[in-house]
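The values are calculated or read from the model by the stated rules, or taken from the named source; none is laboratory data. Everything numeric in this text was worked out from a predicted model, so none of it was measured. With ideal geometry, Cβ positions are generated from the backbone for all residues, glycine too; neighbour counts draw on all protein chains shown.
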C-alpha cells in the first residue's frame, strides 16, 4: 500500500478521508489540521505541511485546503518530488497558475489536479459522443450554480465554472475558444455578491456555448447539454454522473470520481508515468486563464 497524507480538515477533506479509507491501495497515515480541537485518533496530526513531509511517513499527499496554499505546497515538495493531488481551483490567480505549471515541468513533478469530470467514468463515453458528432454540434448549454457561496468582488464563475470549462478543454482538444461576452441576468446584493450571469463564447468559431452560472439558484445544479443540428441532444449531469441521449439514460457511473482518481493516481506512481499529470496541469492552467478572461470581459 502507498502511504498518503492529507492537508485540510474541513467538510470536503472529511469526504476525501472516507474515500481514501475505502480504497485498498492507500494507507492514510497523517493529516495537516490547524484546528486544535480536531480529533483524528488513528492519524498523526501536524500543524504544517513541512512538518508532515519531514516526518518521512508519507509517499504522496492529497491537498484539500484553500487554493492559495497549493503553490506553497508545490514549492515544498519540488525537491523531494512527492506526488500530490490538488483540489480545484489549482491556484487562486493566473500568475500563480503559470508559476505552478512551470515548477511542475521544470522539476518533473507528478501533480494531479482533481478535475472531477475527467475522472468521472462518464468522460470517455462523453468524449466519444463529442468526437463522433463533432460536425453536427450546434450549441452547448451549461448550467452551474447553487444558493451560495457569496464572495465579495468575485464572480461565481470562479466557484462554479472550473469543472465545466476544464471539461470543454478536455473534450475539444484546445480548439479555439473565442468571442467571450457576459450578461448579468439576476442580482441581489442582500447576499453579498448574489448574481446569476450568462457567459457566451464560441468553440472553433462555429459552436455556440452558453454558460448560465451563479449563486442564486434554488438548488445545486451542474449540467452540460450538447445540442446537435437535428435537435438531438446529449445531456451530462455532472452531479449524479450520468449521460442521457435524447432524454434516455445511456451511461451512469458505478463508482465515485474520487475513487477513480485515486486508482489512476496509484497506477501513475507505481510506473512513474507523468502523462496524465502533465496534461491535467496544462488544462488547469488554460482553465484559469480562460476564467480570468471571463472575469475581466
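Quick notes on this one:
- Look at (1) within 24 Å of residue 12 (Cβ to Cβ); (2) modelled with pLDDT of 95 or more; (3) not assigned by TED's automatic domain parsing to the domain that holds residue 81 and you find that residue 100 fails only one, number (3).
- Residues in the stretch 1-49 that are under 25 Å from the mean Cα position of the chain (by Cα) and farther than 24 Å from residue 256 by Cα were compared, and the one that is modelled with the lowest pLDDT is 34.
- Single residue of 198, 182 found to be over 26 Å from residue 119 (Cα atoms), touching a helix residue (DSSP H, G or I) at 6+ places or on another chain (Cβ under 9 Å) and assigned to a strand (DSSP E or B): 182
- Residues being farther than 14 Å from residue 150 by Cβ and surrounded by 15 or more Cβ atoms within 10 Å (Cβ to Cβ) - total across the stretch 178-196: 2
- Residue-level check: of (1) surrounded by 15 or more Cβ atoms within 10 Å (Cβ to Cβ); (2) assigned to a helix (DSSP H, G or I); (3) modelled with pLDDT of 95 or more, residue 225 misses just (2).
- Across the stretch 141-177, the qualifying residues are those that are buried (at least 20 other Cβ atoms within 10 Å of the Cβ) and assigned to a loop (DSSP other than H, G, I, E, B), and the one among them that is modelled with the lowest pLDDT is 155.
- Count of the stretch 249-297 residues which are assigned to a helix (DSSP H, G or I) and at positive phi: 0
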